[in-house]
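Accompanying notes for the structure given below.
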Amino acid sequence: MIKQILAYIRKSDLVVEVLDAREPDLTRSKRLENYVMENQKKLLIVLNKGDLIPVEVLEKWKKFIEENEGIPTIYISATRHLGTKVLREKIKELIEGEGKIIFIGYPKTGKSSIINALKGRHSATTSKHPMSYGYTRSIQLFRIDNRIFAWDTPGIIPPDGNELERIIRGANVDKLEDPVRGAKLLIERIEGIDKSVLRNTYKIDYSNYLDFLEKLALKRGWILKTSHEPNIDEAAKAFIRDYHEGKIIYYLLPENVNK
Ligand SMILES: Nc1nc2c(ncn2[C@@H]2O[C@H](COP(=O)(O)OP(=O)(O)OP(=O)(O)O)[C@@H](O)[C@H]2O)c(=O)[nH]1
Ligand SMILES: [Mg+2]
């Protein structure tokens, strides 16, 4: 799949890289960006899921990326249809009115949702969780308007990086070797940024990640039949899925991200 995506990048006039605004740095693929640059293609960064974080923070990221790296950047919320006009105008400006664009990015960043928002009609399939029904399986062409065509691509699978990065980048939850370990890493990451977010989101008070997963399993009624213990594997998977669905809300500032 990656080879195919590279071939379509070469055929495009503009590459739109879609990031999750909660984790702009970790959802960027420097490897693909380098490929885009090497092939002298134009790149536009879109921070999606902008509804989840304050607009001042989105502005900071936009400024940071544009000023430090010279890559045009905009932010939107595909599902709430916020910023789609700005995106459409930016695309038109960059391709000078007409051409072919390609949407790339890790799974679940919202590539298909953005295409639907631009079309105003739902035709690209979207899904809540990595690899669940509706995720994009092949490269598909959509017409945005009379002069603009867009290719939707499947999230670059397998996401690379360490275990935490792979989880944030949308690795398939059902294929994780140890979902509890994965959830632990994600919980630690989020706690390091904002201690109250899990307590507020789940209305659960907990002492550590295992306690959290146990209480979540009990709350949802997930009990193992044989041992009658809380099913923490199930809770861990549900938690990671909630993350991808945008239920867990936190943000980072560009100045706090270690480069
Ligand atoms: N809150 C919020 N959720 C969004 C937004 N855009 C997409 N989502 C949600 O994120 C999930 C993934 O969206 P998709 O559009 O399927 O993502 P994708 O990048 O096409 O995913 P793949 O095809 O698997 O690579 C869905 O549950 C969407 O509803 C947004 O702007 N805000
Ligand atoms: Mg898709």
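With one equal scatterer per alpha carbon and no solvent term, the Debye-computed log10 I(q)/I(0) for the chain at 0.10 1/Å reads -0.50.
Distance between the modelled labels on Lys247 and Arg88, one decimal in nanometres: 3.4 nm (7 Å Cα→Cβ projection).
Restriction of the trypsin sites (Lys or Arg not before Pro) in the stretch 1-81 to DSSP coil positions whose beta-carbon has at most 14 other beta-carbons within 10 angstrom yields Arg80.
Can you give the calculated 222 nm mean residue ellipticity of the chain, where each DSSP H run of n ≥ 4 adds -39,500 (n - 2.57) and the sum is split over every residue, rounded to the nearest 500 deg cm²/dmol?
On the way: 10 runs with 108 residues, N = 259.
That calculation yields -12500 deg cm²/dmol at 222 nm.
The fraction of Cα-Cα pairs per 5 angstrom bin, counted from 0 for the stretch 1-69, comes to 3, 15, 25, 24, 15, 11, 6, 1 percent, rounded to whole percents. For the stretch 2-152, the relative contact order works out to 24 percent when only alpha carbon pairs closer than 8 Å and six or more residues apart are counted. Quick one: pull the percentage of alpha-carbon pairs in the stretch 176-256 with a separation above 15 Å. Percentage above 15 Å: 56.
Suppose a student asked you for the relative contact order of the chain, using Cα pairs under 8 Å spaced at least 6 residues apart; what percent would you report?
Working: 428 pairs, mean separation 47.9, N = 259.
Worked out over the chain, it gives 18 percent.
Read the figures in this text as sums done on the coordinates, not as results from a lab. Computed from a predicted model, the values in this text were never measured in an experiment. Because the Cβ atoms are built from the backbone with ideal geometry, glycine has one as well, and the counts that use them run over all protein chains shown.
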